[in-house]
Amino acid sequence: MEADLDALAVFAVVAEERSFRAAADRLGVTRSAVSQTMRRLEERLGIALLQRTTRSVSLTEAGERLFTDAAPALAEMRSALEAARNLRGSPRGQLRLAVSSIAEDFLAGPMLAAFAAAHPAVELDIVVTDEEFDIVSEGYDAGVRLGEVIEQDMIAVPVSGAQRQIIVCAPAYLERRGAPAHPRELAAHRCIGWRPAPRVAPYRWEFTEEGREFAVTVAPEITTNDMALMIKLALAGAGITCGLEESFRPFLDSGRLVAVLEAFCPPFAGFYLYYPNRRNMAPKLRALVEHVRRDGRRTP
């Protein structure tokens, strides 16, 4: 049984890295040791878990099922072991976070810098991504996303106040095309859209009218996954775009962008630090949660 658990832990790392060499480097063993461990596990189970080529490693259907079922339990065990090791010491080790690119307050710098200064033994590894995935199976300790899209079985701690999604464009665009009076009129305008990843449909723009929520599917002339580029294009008069108010705030204050359709854009719950409900939380994660909760500038 112990050998199976050891092999399963090695398999999980291979599944995460999709590479024997990268898994070996992460585990501190040889590539041959990883390969032999995987071969013995497959022989014991009587089924192939990995598909190997000279350039890559991928999971078979059985491998995908095993990884999906085993990853949360392995993450729990890793957390429990790390908590036991660090029980008498200060928080330490690598803290992996998956953070939405539009969580600008969290990514602004001061809060993370203060945490890093207070906990020098913790190595922050922050991936800024808008792709939706299971942070547990992907090996992250926590994530930061809008509250409305966080799974209900997660624990969530607010890291920002309420947010508002607004529609903006440059004054020059309004002079040429005029302002839409209702969100449905956006179909007749040039729009700059956003998508989180390739092969994903562009984001539908969401509004509220008389307490009823509805979405408008625009046909953007330009689509990107980069908010900074969307802002640059809007400033250049390329069209109307949509995003969080705080992303546009400096340009609204300077008059380089103007908001339209504001009556249809009420506030909603902001960003949260979220993490799985574990009995044995790693000290490094507990330290971050406490740091966020103590930050007096954050309001639910």
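The values are calculated or read from the model by the stated rules, or taken from the named source; none is laboratory data. Everything quoted here is computed from the prediction, not taken from an experiment. Backbone-built Cβ (ideal geometry, glycine too); neighbour counts: all protein chains shown. Side chains included, ligands, DNA and RNA excluded: accessible areas come from the protein's heavy atoms. Shrake-Rupley method; radii C 1.70, N 1.55, O 1.52, S 1.80 Å.
The table for this structure:
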| quantity | calculated |
| --- | --- |
| Flag for residue 238 being out of contact with any His (no Cβ under 8 Å at 6 or more places or on another chain) and at pLDDT below 90 | no |
| Residue match in the stretch 127-139 (condition: in contact with a helix residue (DSSP H, G or I) (Cβ under 8 Å, 6 or more places away or on another chain), on the phi < 0 side of the Ramachandran plot and of a type in the set (Phe, Trp, Tyr)) | no |
| Filter result for the condition that a residue is over 17 Å from residue 140 (Cα atoms), charged (D, E, K, R) and without any contact (Cβ under 8 Å) to a residue 60 or more places away in the chain, over 69, 25 | 25 |
| Flag for residue 91 being more than 22 Å from the chain's Cα centre (by Cα) and at pLDDT 85 or above | yes |
| Complete set of residues in the stretch 1-45 that are farther than 15 Å from residue 74 by Cβ, modelled with pLDDT of 85 or more and among the hydrophobic types (A, V, I, L, M, F, W, C) | 20, 22, 24, 29, 33, 34, 38, 45 |
| Those residues of the stretch 57-88 which are of a type in the set (Lys, Arg) and modelled with pLDDT of 80 or more, in sequence order | 65 |
| Every residue from the stretch 1-56 that is assigned to a loop (DSSP other than H, G, I, E, B), within 25 Å of residue 134 (Cβ to Cβ) and out of contact with any helix residue (DSSP H, G or I) (no Cβ under 8 Å at 6 or more places or on another chain) | 18, 19, 56 |
| Selection from the stretch 224-243 of residues that are in contact with a Phe, Trp or Tyr (Cβ under 9 Å, 6 or more places away or on another chain) and open to solvent by 50 Å² or more (accessible area, probe 1.4 Å) | 225, 226 |
| Unique match (being farther than 24 Å from residue 206 by Cα and under 12 Å from the mean Cα position of the chain (by Cα)) among 157, 122, 127 | 127 |
| Residue in the stretch 192-200 that is farther than 27 Å from residue 143 by Cβ, surrounded by 15 or more Cβ atoms within 10 Å (Cβ to Cβ) and among the basic types (Lys, Arg) present | no |
| Residue 185 in contact (Cβ under 8 Å) with a residue 24 or more places away in the chain and either in contact with a helix residue (DSSP H, G or I) (Cβ under 7 Å, 6 or more places away or on another chain) or surrounded by 13 or more Cβ atoms within 10 Å (Cβ to Cβ) (or both) | no |
